[in-house]
Amino acid sequence: MPLVNMKDMLQHAYDHGYAVGAFDLVSLDFLEGILAAAERARAPVILSLAESHFDYYDFELLMPAVEVAARRASVPVAIHLDHGASLDSAVHAIRLGCNGVMVDASHTDFSDNVRTTRAVVEMARACGTPVEGELGYVPGVEGEDAERHPGELACTTLAEARAYVERTGVDFLAVSIGTVHGRMKGKPKLDYQRLKQINDALSMPLVIHGGSGLSDDQFRRLITNGVAKINYYTALADAAAASIRGRARADRANGYTGLVKDVREAVSSEVETRMRLWGSAGRAAEVLSRCRSWLPVEHLIIYNVEGIDDTRLEMMMAEGRRVLGAIPGVREVVTGRAVQENAKYQCTWLVRFCHPAVIDSYCRHPDHVAFADRLFRPVAGDRISIDFRIVETVFSVHHHGAAGGAGQGG
Ligand code: 13P
């Protein structure tokens, strides 16, 4: 249940002067470590999945684990696509369970960035999903030496920030004010004046990318000036790598499990330190009570067909799975046939929507309208259609709930 609406979560952080950590995860060890820290610190948390990391894990395989972990957590969690490459990436991420998306067009010029981001916002709105946009350019690559990928840092300007938010409708704005992604030598110089002006003008949750390597004082000043989400990865990757090196040095005979044994705890302890510094620690209960839960909807249709044979029925179902399954916000389309021959209804569609907003957008979507009018309704006059809000899902009777953390899952 503690999967919550990310817009509500970040608005709470913004209104109360703290920041939620968005931690990029690259493995189950990271996932468990990040959530164990959030449970210990009683902090809201964002589980981030960066498209640039999709070479290191199978996004489709990892997402079910991320979603189960989020839903069985006792602290509020959001799941975010970080640095998505395209509109399709965002549609796919929402289908797999992300409830916040970012498509990064910050490397393109202003009007292209606006156009790309606007299209993402239009799609995501129909899915009830908030969107982060980035304006200005934060160079570097997460997990690598920032100096090796200097790029050209481009600071966000106030005038462009105003126009960008107005024209795109983004829910959160990632700004470039001097941070870089990746491992830094020395301390970056941050332009707080610029940040303050943007915050004063926009009054919306701001996001900082490239959180690794900043000082405690820098974090505090960022948060004072409107930063409500901090993206953080390289320091976690370095802590994980240091623990593996330590285990390799301690015993050269260590195999895989011996080498990675401390990764969860290394990640967890780094995350917890940040949650305490950024002020999200201790906020879980408040956030849970103030934020809307993120609950899917099941669109259920039971029906009987008339005038088509079995082959045509199977073809219609296959076409429906293909066409309806591609509509943004649809997570899954299941077709079924009654087990009992004398059942009152012989066929079903079970369409899983990510959010109640999809009830309407799905209904109006031209692909749905065409399919329903051309193939389905003419043969399925006898039907019942109901949308169900999922009240609760039980994931595991063995899970330890609030005490859950690394290694405690059922
Ligand atoms: P760091 O890897 O520098 O912490 O940046 C993470 C980030 O911004 C992910 O989007």
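The values are calculated or read from the model by the stated rules, or taken from the named source; none is laboratory data. Just so you know, these numbers come straight off a predicted model, no measurement behind them. Neighbour counts are summed over all protein chains in view; Cβ atoms, including those assigned to glycine, are modelled from backbone coordinates with ideal geometry.
Can you spot a residue in region 33-45 that is within 25 Å of ARG125 (Cβ to Cβ) and of a type outside the set (Ser, Thr, Tyr)?
Yes, region 33-45 contains at least one residue that is within 25 Å of ARG125 (Cβ to Cβ) and of a type outside the set (Ser, Thr, Tyr).
Within region 337-365, the set of residues being of a type in the set (A, V, I, L, M, F, W, C) and assigned to a helix (DSSP H, G or I) comprises ALA357, VAL358, ILE359, CYS363. Condition first: among the hydrophobic types (A, V, I, L, M, F, W, C) and under 29 Å from MET63 (Cα atoms). Can you find one or more residues in region 360-377 that meet it? Looking through region 360-377, at least one residue is among the hydrophobic types (A, V, I, L, M, F, W, C) and under 29 Å from MET63 (Cα atoms).
Please determine whether any residue of region 311-318 is modelled with pLDDT of 95 or more and under 25 Å from the mean Cα position of the chain (by Cα).
no
When region 89-105 is filtered for residues that are assigned to a helix (DSSP H, G or I), within 10 Å of the chain's Cα centre (by Cα) and among the small types (Gly, Ala, Ser), the ones remaining, listed by number, are ALA90, ALA93.
Applying the condition of being assigned to a loop (DSSP other than H, G, I, E, B) and small (Gly, Ala, Ser) to region 166-182 and asking which residue is farthest from the ligand (Cβ to nearest atom) yields GLY169. All of GLU51, GLU32, GLU39 fail the test of being of a type in the set (D, E, K, R), modelled with pLDDT of 95 or more and over 22 Å from GLU270 (Cα atoms), apart from GLU51. Scanning region 80-105 for residues that are under 18 Å from ALA326 (Cβ atoms), within 16 Å of the ligand (Cβ to nearest atom) and among the small types (Gly, Ala, Ser) yields a count of 4.
Residue check: is SER289 surrounded by 20 or more Cβ atoms within 10 Å (Cβ to Cβ) and in a helix (DSSP H, G or I)? No: the conditions fail for SER289.
Listed here are the helices (runs of 4 or more DSSP H) enclosed by region 183-267 that have at least 3 residues being under 23 Å from LEU173 (Cα atoms) and away from the ligand (no atom under 14 Å from the Cβ): 192-202, 216-224.
Can you spot a residue in region 366-379 that is acidic (Asp, Glu) and either touching a helix residue (DSSP H, G or I) at 6+ places or on another chain (Cβ under 6 Å) or not in a loop (DSSP other than H, G, I, E, B) (or both)? Yes, because at least one residue in region 366-379 is acidic (Asp, Glu) and either touching a helix residue (DSSP H, G or I) at 6+ places or on another chain (Cβ under 6 Å) or not in a loop (DSSP other than H, G, I, E, B) (or both).
Please go through region 277-286 and pick out each residue that is surrounded by fewer than 21 Cβ atoms within 10 Å (Cβ to Cβ) and either touching a helix residue (DSSP H, G or I) at 6+ places or on another chain (Cβ under 6 Å) or within 18 Å of VAL207 (Cβ to Cβ) (or both). Within region 277-286, LEU277, GLY279, ALA281 qualify.
Among the residues of region 4-58, those that are outside any helix (DSSP H, G or I) and either away from the ligand (no atom under 16 Å from the Cβ) or of a type in the set (D, E, K, R) (or both) comprise VAL4, ASN5, GLY17, TYR18, ASP24, ARG42, ALA43, PRO44, ASP55, ASP58. Condition (residue is modelled with pLDDT under 95 and either in a strand (DSSP E or B) or within 16 Å of the ligand (Cβ to nearest atom) (or both)) applied to region 106-117: is it met by at least one residue? Yes, region 106-117 has at least one match.
Does ALA281 fit the bill of being more than 16 Å from the ligand (Cβ to nearest atom), in contact (Cβ under 8 Å) with a residue 12 or more places away in the chain and at negative phi? So ALA281 fits the description; yes.
Could you grab me the full set of residues in region 301-341 that are β-branched (Val, Ile, Thr), out of contact with any strand residue (DSSP E or B) (no Cβ under 7 Å at 6 or more places or on another chain) and surrounded by 13 or more Cβ atoms within 10 Å (Cβ to Cβ)? ILE308, VAL323, ILE327, listed by residue number.
Inspection of region 158-165 identifies no residue that is among the β-branched types (Val, Ile, Thr), under 25 Å from the mean Cα position of the chain (by Cα) and within 16 Å of the ligand (Cβ to nearest atom).
Of the residues making up region 168-192, those that are at pLDDT 95 or above and under 15 Å from ASP82 (Cα atoms) are VAL170, ASP171, PHE172, LEU173, ALA174, VAL175. Just one of (1) surrounded by 19 or more Cβ atoms within 10 Å (Cβ to Cβ); (2) under 17 Å from ILE230 (Cα atoms) fails for ASP15. It is (1).
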